[in-house]
Amino acid sequence: MAAKLDMKLVNRGDEGELLLFGKLDSQTSIDAEKYFEEASDRFDHLILNMAELSYLSSAGLRILKKTHIKMNRKGGVLSLCNVNDNIMEVFEITGFAGLLNFI
């Protein structure tokens, strides 16, 4: 069964919230990267709501890091919310917990 990632964008003016559903891995990362890039161009504050994200791979981490850097360079903010314990453990083990903004 192929990995699946669904995304829904909530537009709040200068702030956008991306609701993530499923898995962010090597199979879904190409589409996710394009979507994250478009959203980071569009908003000053981008929130990734991970309440329904079940899996995050190294490919997903790469996209998060790239999006974080892009938002910082333009003076924006990338925030993550509703991160489950398993994904938070990935952030802690890889050092991303100290890099990313959690709300």
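The values are calculated or read from the model by the stated rules, or taken from the named source; none is laboratory data. Not measured: the values here are computed from a predicted model. Reconstructed Cβ throughout: ideal geometry from the backbone, glycine too, with neighbour counts over all protein chains shown. Protein only, heavy atoms only, side chains kept; ligands, DNA and RNA dropped before computing areas. Shrake-Rupley method; radii C 1.70, N 1.55, O 1.52, S 1.80 Å.
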Practice item. Place a +1 charge on the Cβ of each Lys and Arg in the chain and a -1 charge on the Cβ of each Asp and Glu, then give the dipole magnitude about the Cα centre in debye, rounded to the nearest 20. Key: 280 debye
Study note, to complete from the structure: Counting Lys and Arg as +1 and Asp and Glu as -1 over every other residue whose Cβ sits under 13 Å from the Cβ of Gly22, the net charge comes to -1
Point to revise | Positive-pole candidate from Phe91, Cys81, Ala39, dipole of the chain, charges at beta carbon | key: Ala39
Revision key, fill the gap. Result for the chain: accessible area per residue, probe 1.4 angstrom, in square angstrom, of 56 Å²
Practice item. Please find, in a Gaussian network model of the chain (springs between Cα atoms separated by less than 10 Å), the residue of Met71, Met50, Met88 whose mean-square fluctuation is greatest. Key: Met88
